[in-house]
Structures are given as C-alpha cells and as structure tokens.
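*Asks:* Below is one structure. I have some questions about it.
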Amino acid sequence: MSKLIRIIVIILCAFALASLFIFRLRIADAPMPASPPQSALNSDVKTVEGQIGAVDTDTKTVTLVEGDKQVTFDFDERTAIVESGRAVPPAAIPQGAAASVRYTQRGGKNWARKIELLTDTPSEPY
C-alpha cells in the first residue's frame, strides 16, 4: 500500500511542477497589458518653442506662433505655467512673449503639460 501512495504522490508532484512550468511559460509569452494613460502621456511628450499668439482663459487654450505656423494648445489645472521658476496664472501670460510648450496629443488635441515663458537674458560682451 505504501508503494501505491508513493507513486500517487510522485505523480501529483510531477503534475504540479509541470503545471507551474507551463504557467510560467504562458506568462512570459503573454502580451504586456496596455499601460495607464499617464504613462503613455509621459512617453509621447513633445516640446515646441515660439511666441504666444493668444490666450483664451474661457476655452482654456493658448496659441503659439512659430514662424508662419500657429499651434493651439489646450490647458487645464494640471498644466504648469512658469516664468523664471515662478507660477504664472493663465490670464497673466503676455501676448508676444517667447515660450516653450511641453505637450502631448490626446483625443485629437494638443494638451499643454508645461508652458514656460522664456525671459531674454542679456548676452555678455566678449
């Protein structure tokens, strides 16, 4: 009787190990799940520089002019608007100011994540 029990235990252990091995192989071959939207946003961040064309605080949009191109960006409460390291309210963004905009594209819109107003630093003579 003990020989039969030993054979059954060996078969059960072999089955458990084989099942674990197959499970691990299937996990390795499974496609990775889609990452959360926030992670995807961080990987698709782009930066553009130009001059502020217009700011509409009602629709929460800012237009950046770069040469002969105009690009409109949407912003929200998560958008950082800074000048010289200090926060600036959207209504205080001056038209014509040089700016750098970090943005992502989502839902057919350009979402500004950071609008940095660039200050002209005087160049030192050589």
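*Asks:* Heads up, I need the accessible area for Thr47: 1.4 angstrom probe, whole protein in place, Å², nearest 10.
*Replies:* 80 Å²
*Asks:* While we're looking at this one, here's another question. Which sequence of Arg113, Arg6 reflects their accessible areas, 1.4 Å probe, from the largest down? Walk me through the intermediate numbers first.
*Replies:* Values: Arg113 55, Arg6 150 Å².
The residues order as Arg6, Arg113, largest area first.
*Asks:* Let me ask something else about it. Taking a cut-off of 20 Å between Cα atoms, list the lysines near Lys46, but don't count ones fewer than 8 places away on the same chain.
*Replies:* Those lysines meeting the cut-off are Lys60, Lys69, Lys109, Lys114.
*Asks:* Report the accessible area of Lys46, computed with a 1.4 Å probe over the heavy atoms of all protein chains in place, in Å² rounded to the nearest 10.
*Replies:* 90 Å²
*Asks:* Something else now. If DNA, RNA and ligands are ignored and the probe is 1.4 Å, what is the ranking of Thr119, Thr63, Thr104 by accessible area, most exposed first?
*Replies:* So, going from the largest accessible area down, we get Thr119, Thr63, Thr104.
The values are calculated or read from the model by the stated rules, or taken from the named source; none is laboratory data. Computed from a predicted model, the values in this text were never measured in an experiment. Each accessible area value is taken on the protein alone, full model and side chains, heavy atoms only, with ligands, DNA and RNA left out. Shrake-Rupley method; radii C 1.70, N 1.55, O 1.52, S 1.80 Å.
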